[in-house]
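The values are calculated or read from the model by the stated rules, or taken from the named source; none is laboratory data. Everything quoted here is computed from the prediction, not taken from an experiment. Here the Cβ positions follow ideal geometry from the backbone for every residue, glycine too, while neighbour counts run over all protein chains shown. Quick note on the areas: whole protein, heavy atoms, side chains included, nothing else; ligands and nucleic acids left out. Shrake-Rupley method; radii C 1.70, N 1.55, O 1.52, S 1.80 Å.
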Amino acid sequence: MAQSEKTSLLSVMAMANRPRLRMLALATTIAATVFLLWQSDEPPISSYSDARQLRGETEPDGFVINGNYTSYDETGHRKIVFTSPRIEQFEEGNLATMESPNAELFSATDPEPWILEADNGSLLRNEDLLNLTGNVRVVRTIGNRTAILNTESLTLDNDQGIVYTDDPVVIVDSVGTTRAKGMKAWINERILELNSQVEGRYETVK
């Protein structure tokens, strides 16, 4: 056996028989590691802080960045395509909340989808209800005619294929402006019902 190998073996045996030396060596290693981390330009705590900031203050059970949700009918055709830059999911109540949601609603009788936009949204997945709040905008196109509905809140019942609200609504299209308190619309039937306080201003089409 070479002299250097004997020396290494003796050192290991001596270390094994001396707990204080082992502890001193471990403490020296830890101290050196802490020193190197302290001197680093990017301490490891930054990645943890970034992760917490990305998760958000509401501490959801899960979250999705640039999320996309698609629902299909029994024949396999799309019923709704929903997108949001951030979706937070909560196990309690099977709830999902969204930032700046955008939804496209499809029907079997209308080639153009209804388009829904809002500042915020929440999806109750058990009931398949989508609630939109804040600067809600609904765009509907039929041929060359486009109508835009504005309100502060709107609920989409995906199972029933209806949208409704009790808040004031303003509908603007190529022939005029209609205002009302509350509305209900059936997507497949292309029927819009205004609840009350309906008033309109229309221009004669020449």
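Among the residues of region 175-183, is there at least one that is open to solvent by 30 Å² or more (accessible area, probe 1.4 Å), part of a strand (DSSP E or B), more than 24 Å from I80 (Cα to Cα) and of a type in the set (A, V, I, L, M)? No, because not a single residue in region 175-183 is open to solvent by 30 Å² or more (accessible area, probe 1.4 Å), part of a strand (DSSP E or B), more than 24 Å from I80 (Cα to Cα) and of a type in the set (A, V, I, L, M). Restricting attention to region 184-205, the residues that are among the hydrophobic types (A, V, I, L, M, F, W, C), open to solvent by 100 Å² or more (accessible area, probe 1.4 Å) and under 20 Å from V136 (Cβ atoms) add up to 0.
Let me confirm something: among N188, N102, which residue is of a type in the set (S, T, N, Q), closer than 16 Å to S71 by Cα and within 21 Å of the chain's Cα centre (by Cα)?
On the way: N188 fails: within 21 Å of the chain's Cα centre (by Cα).
Sole residue among the options that is of a type in the set (S, T, N, Q), closer than 16 Å to S71 by Cα and within 21 Å of the chain's Cα centre (by Cα): N102.
Looking only at residues in region 95-110 that are touching a strand residue (DSSP E or B) at 6+ places or on another chain (Cβ under 9 Å) and at pLDDT below 85, the one that is surrounded by the most Cβ atoms within 10 Å (Cβ to Cβ) is L105.
For the condition open to solvent by 30 Å² or more (accessible area, probe 1.4 Å) and aliphatic (A, V, I, L, M), what is the one hit in V64, V81? The unique qualifying residue is V64.
One line per residue, one yes/no per condition, for (1) in contact with a Cys (Cβ under 7 Å, 6 or more places away or on another chain); (2) without any contact (Cβ under 8 Å) to a residue 24 or more places away in the chain; (3) of a type outside the set (K, R):
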{"position": "Y164", "(1), (2), (3)": "no, yes, yes"}
{"position": "D167", "(1), (2), (3)": "no, yes, yes"}
{"position": "V172", "(1), (2), (3)": "no, no, yes"}
{"position": "V175", "(1), (2), (3)": "no, no, yes"}
{"position": "A180", "(1), (2), (3)": "no, yes, yes"}
{"position": "A185", "(1), (2), (3)": "no, yes, yes"}
{"position": "E193", "(1), (2), (3)": "no, yes, yes"}
{"position": "S196", "(1), (2), (3)": "no, yes, yes"}
{"position": "R201", "(1), (2), (3)": "no, no, no"}
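For the criterion of being free of Cβ contacts under 8 Å to residues at least 60 places away in the same chain, closer than 30 Å to E91 by Cα and open to solvent by 50 Å² or more (accessible area, probe 1.4 Å), E117 passes. Find the residue count for region 112-165, including only residues that are at positive phi and modelled with pLDDT of 85 or more. The qualifying residues number 2.
Is there a residue in region 144-157 that is open to solvent by 60 Å² or more (accessible area, probe 1.4 Å) and under 30 Å from G62 (Cβ atoms)? Yes, region 144-157 has at least one match. Looking at S71, S122, just one residue is buried (at least 17 other Cβ atoms within 10 Å of the Cβ), of a type in the set (G, A, S) and assigned to a strand (DSSP E or B), and that residue is S122.
Name the single residue, out of those in region 63-111 being free of Cβ contacts under 8 Å to residues at least 40 places away in the same chain and aromatic (F, W, Y), that is nearest to T141 (Cα to Cα). First the steps, then the outcome.
To start, the set of residues in region 63-111 that are free of Cβ contacts under 8 Å to residues at least 40 places away in the same chain comprises 63-68, 70, 72-78, 81, 83-102, 104, 106, 111.
With the extra rule that they be aromatic (F, W, Y), the set shrinks to 63, 72, 90, 106.
Numbers: F63: 33, Y72: 21, F90: 35, F106: 12 Å.
If we take residues in region 63-111 being free of Cβ contacts under 8 Å to residues at least 40 places away in the same chain and aromatic (F, W, Y), then F106 is nearest to T141 (Cα to Cα).
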